[in-house]
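The values are calculated or read from the model by the stated rules, or taken from the named source; none is laboratory data. Note that the coordinates shown come from a computational prediction; the quantities given were computed from them, not determined experimentally. Positions of Cβ are generated from backbone atoms using ideal geometry, with glycine treated the same way; all protein chains shown enter the neighbour counts. Each accessible area value is taken on the protein alone, full model and side chains, heavy atoms only, with ligands, DNA and RNA left out. Shrake-Rupley method; radii C 1.70, N 1.55, O 1.52, S 1.80 Å.
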Amino acid sequence: EFVAKEEEAAQIREERRVEKAEKASEKAEQEKTAALESIQQTVEDTKKKIAEEAEAKRLAKRQEVVNFALQFEGNPYVYGGTSLTNGADCSGFVLSVFKKYGVSLPHSSVAQAGYGSKISPSEAQPGDLFFYAKGGRINHVAIYIGNGQVVHASSPSTGIRISNAFYRTPAAVRRILQ
């Protein structure tokens, strides 16, 4: 009888030890899950921050292009010209502004309209290009500066100036800068 009681006590001790170990294992598993969730949240937060910083950098670059273009407002329009100070035509103005930022464009509004990706006017962001047509053929290009406005080498009488982006109906809007 003593042996049976001793075995029963040993069995109870073993069950308690197993139960304690299972609880410890369960607690460790919960802590592991909580740690993994915390790590996952940190990774997601970091990804979001990186994406936000990339977007801010992208928008800053666009604004930098626009600010550069705006400093030539009031300078002359010269047919066939590409000089931002001595005179440029519409595509020469765009070509020269974008060249400063490492973007190579041809000296033709028709040809420039084949670059980048097509977007709608409502999607336009500063730095996008607005193209205008006469008789269905593109004959003018301008740089969107935001707030419904463009800067462009307008004409020999008005030079490089700011206009409403819809002073003529845009024939196309293209995104060159990403």
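Between Val103, Val97, Val110, which is out of contact with any His (no Cβ under 6 Å at 6 or more places or on another chain), open to solvent by less than 50 Å² (accessible area, probe 1.4 Å) and assigned to a helix (DSSP H, G or I)?
Val97
Every residue in segment 143-171 that is among the aliphatic types (A, V, I, L, M), within 19 Å of Val66 (Cβ to Cβ) and assigned to a strand (DSSP E or B), please.
Ile143, Ile145, Val150, Val151, Ala153, Ile160, Ile162
Conditions tested, residue by residue: (1) closer than 21 Å to Leu129 by Cα; (2) modelled with pLDDT of 95 or more.
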{"residue": "Glu8", "(1), (2)": "no, no"}
{"residue": "Ala35", "(1), (2)": "no, no"}
{"residue": "Ala51", "(1), (2)": "no, no"}
{"residue": "Arg58", "(1), (2)": "yes, no"}
{"residue": "Val78", "(1), (2)": "yes, yes"}
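Being of a type outside the set (S, T, N, Q), part of a strand (DSSP E or B) and either under 17 Å from Gly92 (Cα atoms) or touching a residue at least 24 places away in the same chain (Cβ under 8 Å) (or both) is the filter here, so list the residues in segment 128-142 that pass it.
Leu129, Phe130, Phe131, Tyr132, Ala133, Arg137, Ile138, His140, Val141, Ala142
Among the numbered criteria (1) within 25 Å of the chain's Cα centre (by Cα); (2) crowded, with 20+ Cβ neighbours inside 10 Å; (3) among the small types (Gly, Ala, Ser), which single criterion is violated by Ala153?
(1)
Suppose we keep only residues that are of a type in the set (Val, Ile, Thr) and out of contact with any Ser or Thr (no Cβ under 8 Å at 6 or more places or on another chain) within segment 134-150. Which one would you say is surrounded by the most Cβ atoms within 10 Å (Cβ to Cβ)?
The extreme case among them is Ile143.
Could you please let me know if Phe131 is under 15 Å from Ala165 (Cα atoms), of a type in the set (Phe, Trp, Tyr) and surrounded by 15 or more Cβ atoms within 10 Å (Cβ to Cβ)?
In short, yes.
Considering only segment 115-137, how many residues are of a type in the set (Gly, Ala, Ser) and closer than 21 Å to Leu59 by Cβ?
6
Being surrounded by fewer than 19 Cβ atoms within 10 Å (Cβ to Cβ) and in a loop (DSSP other than H, G, I, E, B) is the filter; apply it to segment 53-74 and report the residue that is nearest to the chain's Cα centre (by Cα).
That would be Gln71.
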